[in-house]
Amino acid sequence: MSNPQTRLSIGGMSCAGCVASVEKALQAVPGVQAASVNFAEHTAQVTGNVAVVALIQAVKDAGYDAAALVDAQDEQAKEAAEAAHVRALLMKSAVSAALGLPLMALDVFHIMPPLSGDGLLFWRIIAALSAGVMYYAGSHFFIGAWKALRAGQSNMDTLIALGTGTAWLYSGLVAITPEWVPMQAQHVYFEAAVIIIALINLGNALEARARGKTSQAIKRLIGLQPKTARVIRDGVEQDVPITDVRLDETLRVRPGEKIPVDGTLIDGHSSVDMAMLTGEAMPVDKKIGDEVVGGALNKQGTFLMRATRIGGDTVLAHIIEMVRQAQSTKPPIARLVDRIAAVFVPAVLFIAVCTFIYWFNFGPAPQISYALVTTMTVLIIACPCALGLATPISIIAGVGKAAEYAVLLRNGNALQVAGQITAVVLDKTGTITRGHPSVTDVIAAEGVSTDRILSLAAALEQGSEHPLAEAVLNAATSANVEIPKSTAFAAHTGKGVQASVDGKTVHLGNTAWLAEVASDSEAFTARTSVWTAQGKTVVLLAQNARVIGAIAITDAIKPDSAAAIARLQSLGVRVLMLTGDQTATAAAVAQQVGIRDYVANVLPEQKLLHIQRLQSQGDLVAMVGDGINDAPALACADVGIAIGTGTDVAIESADIVLMQGSLHGVADAIEISRATARNIKQNLFGAFVYNTLSIPIAAGVLYPAMGVLLNPVVAGAAMAMSSLTVVSNANRLRLLKIRDR
């Protein structure tokens with residue numbers, strides 16, 4: 001039994017340091033086995049049997065806000081709250097700019113009132129106005145810094161509060177009691193304090209807005225869920241909320257409506273559009289007894305269905321949870337960045353103190369002004385927002401892009417590793433092939449039609465439970481031939497079947513058995529040798545001890561398997577096939593799809609050994625399968641990829657699920673993984689370079705040689721733009737186009 005999962009919406013986080021603080025607080029709660037905080041989504045995923053109230057309290061004790069996310073309504077409330085938060089940030093930015101920009105203009109044109117005589121009244125009014133603006137637009141920074149201090153931690157709010165707070169306090173001292181400050185040190189920084197707050201609020205608003213775009217995959221999937229269902233209760237049809245639908249209830253679905261929950265057709269037929277779930281462009285015909293999936297669109301025809309899975313058990317709910325968990329999971333590179341960011345803010349505070357001490361003791365006059373400006377600039381420009389966003393924002397975008405291609409990544413680690421795999425091991429049945437046998441060829445003796453061969457074969461197979469029987473019956477149905485009744489049916493294990501049809505004895509079986517019970521089999525054996533070479537199963541049909549026809553049956557190769565395998569090979573990946581089928585069949589399939597390395601007659605435990613052998617040779621291995629027998633190999637591989645049309649056991653053992661059932665999904669996953677990895681590296685490079693170069697410049701290393709000091713306002717703008725650049729770069733993944741299949 002899996003451990004309970006709890007999702008929380010986290011408020012008040014401002015940097016990667018906050019992520020470490022919240023994770024530490026959650027992991028300290030008794031019963032929590034794992035906790036992962038997603039800075040880009042401002043959510044936390046907690047594993048463990050623990051009360052939600054305890055988790056929320058732990059987050060609040062650490063200085064942040066939290067609320068449980070349970071259903072779609074909670075998600076909508078979170079989105080509405082985030083939209084309101086963006087609007088509030090924009091308003092705060094506008095109010096700050098309304099005061100700061102005129103002050104900057106006065107400074108630029110050198111028409112600032114003097115800090116003496118009548119000019120002091122002006123500056124005292126500005127001190128009061130700027131204090132009010134900082135309270136309205138920047139109080140959340142100071143509150144966040146205070147909460148972090150109480151918890152014995154530091155974060156981005158600490159840097160901003162120290163920088164802008166120090167600037168205002170010093171300026172207020174100069175404006176109110178200038179006699180306390182030496183003449184050469186009398187300078188005010190009110191405009192810097194409010195403009196920095198304006199820029200940071202603007203950057204945070206733009207960042208939050210851009211972050212929201214990366215989660216479109218989740219929003220679209222949630223949007224597939226209908227709000228109501230038409231239920232038949234006591235013979236009366238009524239519309240009820242989707243949450244009120246019960247198991248085994250009968251529901252009516254009309255043309256143009258979304259199927260409300262998973263179920264089985266019990267009356268009527270229809271054509272169902274599964275495109276948003278599987279990526280399949282063509283609608284799928286559904287008849288009585290077929291399963292339908294909640295969220296799919298009923299194109300035409302009214303039908304009744306019985307609800308078999310509701311609420312969080314539906315296929316759509318599982319897909320949403322898979323995508324959500326993948327976006328919240330941290331790959332190794334993200335965990336490394338989190339550890340770096342956790343010590344980054346204390347390191348910056350140390351650098352800021354050293355900067356102040358240096359300029360106060362060794363800087364030019366007025367030392368206090370230079371020390372204040374450089375320290376404030378270091379504190380503002382060093383905020384590690386971009387560093388904290390670099391990985392999670394790309395992971396969210398990459399997982400969302402994969403979902404668009406019906407490739408469901410169950411964890412973020414798979415997204416990172418998929419692009420690095422060097423070998424892909426494919427199961428045959430249900431992976432390369434369709435997974436069910438079908439008739440491919442029919443030949444008949446002179447004077448006998450192929451329809452007659454299918455008619456007689458179907459008459460015999462009506463009484464058989466052999467896997468090949470379904471293929472013959474389907475072929476007869478598709479050919480629209482009349483199937484006569486048979487009597488005296490008898491099955492001969494390992495040989496075939498016989499029965500009486502229209503008063504004549506008919507045999508249907510393998511070539512060896514038909515050679516014993518009928519004549520003329522050699523003539524057909526010669527004609528069917530090419531089928532045998534292709535790995536097809538050959539059955540002969542005899543009437544009154546004379547062979548009159550032959551049928552070729554095979555598990556047909558999926559139409560796009562060869563193209564998908566060629567695409568994988570073009571990506572530099574070695575492709576192998578492991579199958580439990582016989583050597584002749586394996587060789588035929590391998591030749592048709594372009595696979596050079598294959599092993600036949602492989603048992604499930606042997607598949608696992610083959611995966612381990614490849615890994616011991618240094619390969620990073622992806623295993624692709626669809627059956628229960630593939631589960632051990634899927635779990636052992638570096639990346640397990642399950643065909644979504646396969647068994648639940650295979651899907652649960654895999655890291656990636658291909659909803660379309662096409663091997664092109666494997667290549668899609670590799671290409672998206674590589675694009676995401678490039679994007680993460682670009683973001684990290686930009687974030688590290690930004691902080692590595694900007695902090696020394698802010699501290700004044702260029703001043704002795706070039707006389708250059710960085711303005712605190714410019715530092716605030718640069719800090720905000722660095723975060724926005726990272727988010728914008730990650731959003732480029734949303735525009736990624738996979739090469740034409």
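The values are calculated or read from the model by the stated rules, or taken from the named source; none is laboratory data. Keep in mind it's a predicted model, so treat the numbers as computed, not measured. Methodologically, a virtual Cβ is constructed for each residue, glycine included, from the backbone with ideal geometry; neighbour enumeration extends over all protein chains shown. Calculation scope for accessible area: heavy atoms of the full protein, side chains included, ligands and nucleic acids excluded. Shrake-Rupley method; radii C 1.70, N 1.55, O 1.52, S 1.80 Å.
Just wondering, is there one or more residues in the stretch 566-573 that are touching a residue at least 40 places away in the same chain (Cβ under 8 Å) and within 24 Å of residue 437 (Cβ to Cβ)?
no
So that you can scan it fast, the table gives a plain yes or no per residue for (1) surrounded by 22 or more Cβ atoms within 10 Å (Cβ to Cβ); (2) in contact with a helix residue (DSSP H, G or I) (Cβ under 8 Å, 6 or more places away or on another chain); (3) among the aromatic types (Phe, Trp, Tyr):
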| residue | (1), (2), (3) |
| --- | --- |
| 699 | yes, yes, no |
| 706 | no, no, no |
| 717 | no, yes, no |
| 721 | no, yes, no |
| 729 | no, yes, no |
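Could you please find all residues in the stretch 680-690 being in contact (Cβ under 8 Å) with a residue 24 or more places away in the chain and open to solvent by less than 60 Å² (accessible area, probe 1.4 Å)?
Taking the stretch 680-690 first, the residues in contact (Cβ under 8 Å) with a residue 24 or more places away in the chain are 680, 682-684, 686-688, 690.
Scanning the stretch 680-690 gives 680, 683, 684, 686, 687, 690.
On the basis of being part of a helix (DSSP H, G or I), among the acidic types (Asp, Glu) and within 30 Å of residue 39 (Cβ to Cβ), does residue 82 make the cut?
Numbers: part of a helix (DSSP H, G or I): yes; among the acidic types (Asp, Glu): yes; within 30 Å of residue 39 (Cβ to Cβ): yes.
Taking the combined requirement at face value, the residue satisfies it.
Quick one: in the stretch 145-164, of everything that is more than 14 Å from residue 382 (Cα to Cα) and open to solvent by 10 Å² or more (accessible area, probe 1.4 Å), which residue is modelled with the highest pLDDT? I'd like the intermediate steps shown before the answer.
At the first step, the residues of the stretch 145-164 found to be more than 14 Å from residue 382 (Cα to Cα) are 145-153.
Now drop any that are not open to solvent by 10 Å² or more (accessible area, probe 1.4 Å), which leaves 145-147, 149-153.
Numbers: 145: 81, 146: 84, 147: 78, 149: 79, 150: 77, 151: 73, 152: 74, 153: 72.
Of everything passing the filter in the stretch 145-164, 146 is modelled with the highest pLDDT.
Any idea which of (1) touching a Gly at 6+ places or on another chain (Cβ under 9 Å); (2) closer than 30 Å to residue 138 by Cβ; (3) modelled with pLDDT of 80 or more is the one residue 51 doesn't satisfy?
(2)
I'd like to check something: does the stretch 84-96 contain any residue that is free of Cβ contacts under 8 Å to residues at least 24 places away in the same chain, surrounded by fewer than 14 Cβ atoms within 10 Å (Cβ to Cβ) and more than 28 Å from residue 13 (Cα to Cα)?
no
Filter the stretch 689-712 for residues that are of a type outside the set (A, V, I, L, M, F, W, C) and part of a loop (DSSP other than H, G, I, E, B) and give the result.
At the first step, the residues of the stretch 689-712 found to be of a type outside the set (A, V, I, L, M, F, W, C) are 690-692, 694, 696, 700, 703-704, 707, 711-712.
700, 707, 711, listed by residue number.
Restricting to the stretch 107-125, name every residue that is surrounded by 13 or more Cβ atoms within 10 Å (Cβ to Cβ), assigned to a helix (DSSP H, G or I) and among the aliphatic types (A, V, I, L, M).
120
If I filter the stretch 494-513 for residues that are of a type in the set (Ser, Thr, Tyr) and farther than 16 Å from residue 543 by Cα, do I get at least one hit?
Quick first cut of the stretch 494-513, residues of a type in the set (Ser, Thr, Tyr) only: 500, 505, 511.
Adding the requirement that they be farther than 16 Å from residue 543 by Cα leaves none.
Within the stretch 494-513, none of the residues are of a type in the set (Ser, Thr, Tyr) and farther than 16 Å from residue 543 by Cα.
Just one of 506, 472, 497 is in contact with a Leu (Cβ under 9 Å, 6 or more places away or on another chain) and in contact (Cβ under 8 Å) with a residue 60 or more places away in the chain; which is it? Let's see the steps before the verdict.
On the way: 506 fails: in contact (Cβ under 8 Å) with a residue 60 or more places away in the chain; 497 fails: in contact (Cβ under 8 Å) with a residue 60 or more places away in the chain.
Unique residue meeting the criteria: 472.
Please state which of the following conditions residue 238 fails to meet, knowing it meets all the rest: (1) in contact with an Asp or Glu (Cβ under 7 Å, 6 or more places away or on another chain); (2) at pLDDT 80 or above.
(1)
Quick one: is residue 502 farther than 25 Å from residue 556 by Cβ, among the acidic types (Asp, Glu) and open to solvent by 70 Å² or more (accessible area, probe 1.4 Å)? Please lay out each step first, then the result.
Values: farther than 25 Å from residue 556 by Cβ: yes; among the acidic types (Asp, Glu): yes; open to solvent by 70 Å² or more (accessible area, probe 1.4 Å): yes.
When the stated conditions are applied, residue 502 passes them.
Would you mind listing the strands (runs of 3 or more DSSP E) fully within the stretch 272-363 where at least 3 residues are more than 30 Å from residue 684 (Cα to Cα) and modelled with pLDDT of 85 or more? Spell out how you get there, then give the answer.
Working: elements: 284-286, 297-300, 303-309.
By residue number, 303-309.
Would you pick out the residues in the stretch 402-415 that are in a helix (DSSP H, G or I), surrounded by fewer than 24 Cβ atoms within 10 Å (Cβ to Cβ) and modelled with pLDDT of 80 or more?
Going through the stretch 402-415, the residues in a helix (DSSP H, G or I) turn out to be 402-404, 412-415.
Then keep just the ones that are surrounded by fewer than 24 Cβ atoms within 10 Å (Cβ to Cβ); that gives 404, 413.
404 - this is the single residue of the stretch 402-415 that is in a helix (DSSP H, G or I), surrounded by fewer than 24 Cβ atoms within 10 Å (Cβ to Cβ) and modelled with pLDDT of 80 or more.
What are the pairs with Cβ atoms under 7 angstrom where one residue, in the stretch 691-716, is under 15 Å from residue 356 (Cα atoms) and the other, located anywhere, is in a helix (DSSP H, G or I) and open to solvent by 50 Å² or more (accessible area, probe 1.4 Å)? Sequence gap at least six, or different chains.
Correct list of pairs: 695/351; 699/351; 709/703; 710/697.
Please go through (1) surrounded by fewer than 22 Cβ atoms within 10 Å (Cβ to Cβ); (2) modelled with pLDDT of 85 or more; (3) more than 34 Å from the chain's Cα centre (by Cα) for residue 439 and return the number of the only condition it doesn't satisfy.
Here residue 439 meets the rest and fails (1).
In the stretch 114-144, how many are modelled with pLDDT of 85 or more and more than 30 Å from residue 64 (Cα to Cα)?
8
Residue 182 is checked against (1) loosely packed, with under 15 Cβ neighbours inside 10 Å; (2) modelled with pLDDT of 80 or more; (3) not small (Gly, Ala, Ser) and fails just one. What number does that condition carry?
It is condition (2) that residue 182 fails.
Considering only residues that are open to solvent by less than 20 Å² (accessible area, probe 1.4 Å) and touching a strand residue (DSSP E or B) at 6+ places or on another chain (Cβ under 7 Å), which ones fall in the stretch 562-592? Reasoning before the result, please.
So the first thing to find is which residues in the stretch 562-592 are open to solvent by less than 20 Å² (accessible area, probe 1.4 Å), and the list is 564-565, 567-568, 573, 575-579, 585-586, 588-590.
Answer for the stretch 562-592, where residues must be open to solvent by less than 20 Å² (accessible area, probe 1.4 Å) and touching a strand residue (DSSP E or B) at 6+ places or on another chain (Cβ under 7 Å): 565, 568, 573, 575, 576, 577, 578, 579, 586, 589, 590.
Any residue in the stretch 419-429 that is part of a helix (DSSP H, G or I) and over 30 Å from residue 499 (Cβ atoms)? It would help to see each step written out before you state the result.
Pass one, the stretch 419-429, residues part of a helix (DSSP H, G or I): none.
No - not one qualifying residue is present in the stretch 419-429.
Could you please find all residues in the stretch 479-499 being within 12 Å of residue 459 (Cα to Cα), assigned to a loop (DSSP other than H, G, I, E, B) and either among the aromatic types (Phe, Trp, Tyr) or open to solvent by less than 50 Å² (accessible area, probe 1.4 Å) (or both)?
Passing the criteria: 481, 484.
Would you check if there is a residue in the stretch 126-134 being surrounded by fewer than 14 Cβ atoms within 10 Å (Cβ to Cβ) and not in a helix (DSSP H, G or I)?
No, every residue in the stretch 126-134 fails to be surrounded by fewer than 14 Cβ atoms within 10 Å (Cβ to Cβ) and not in a helix (DSSP H, G or I).
Among the residues that make up the stretch 536-544, is at least one of them within 22 Å of residue 472 (Cβ to Cβ), in contact (Cβ under 8 Å) with a residue 40 or more places away in the chain and open to solvent by 50 Å² or more (accessible area, probe 1.4 Å)? Please lay out each step first, then the result.
Going residue by residue through the stretch 536-544, those that are within 22 Å of residue 472 (Cβ to Cβ) are 536-544.
So of that shortlist, the ones also in contact (Cβ under 8 Å) with a residue 40 or more places away in the chain come out as 536-537, 539, 541, 543-544.
Adding the requirement that they be open to solvent by 50 Å² or more (accessible area, probe 1.4 Å) leaves 537, 544.
Among the residues of the stretch 536-544, at least one is within 22 Å of residue 472 (Cβ to Cβ), in contact (Cβ under 8 Å) with a residue 40 or more places away in the chain and open to solvent by 50 Å² or more (accessible area, probe 1.4 Å), which makes the answer yes.
One residue is enough: does the stretch 449-456 have a residue meeting the conditions outside any helix (DSSP H, G or I) and surrounded by fewer than 20 Cβ atoms within 10 Å (Cβ to Cβ)? Give the steps one after another, and end with the answer.
Let us first name the residues in the stretch 449-456 that are outside any helix (DSSP H, G or I), namely 449.
Applying the additional criterion that residues be surrounded by fewer than 20 Cβ atoms within 10 Å (Cβ to Cβ) yields 449.
Checking the stretch 449-456: at least one residue is outside any helix (DSSP H, G or I) and surrounded by fewer than 20 Cβ atoms within 10 Å (Cβ to Cβ).
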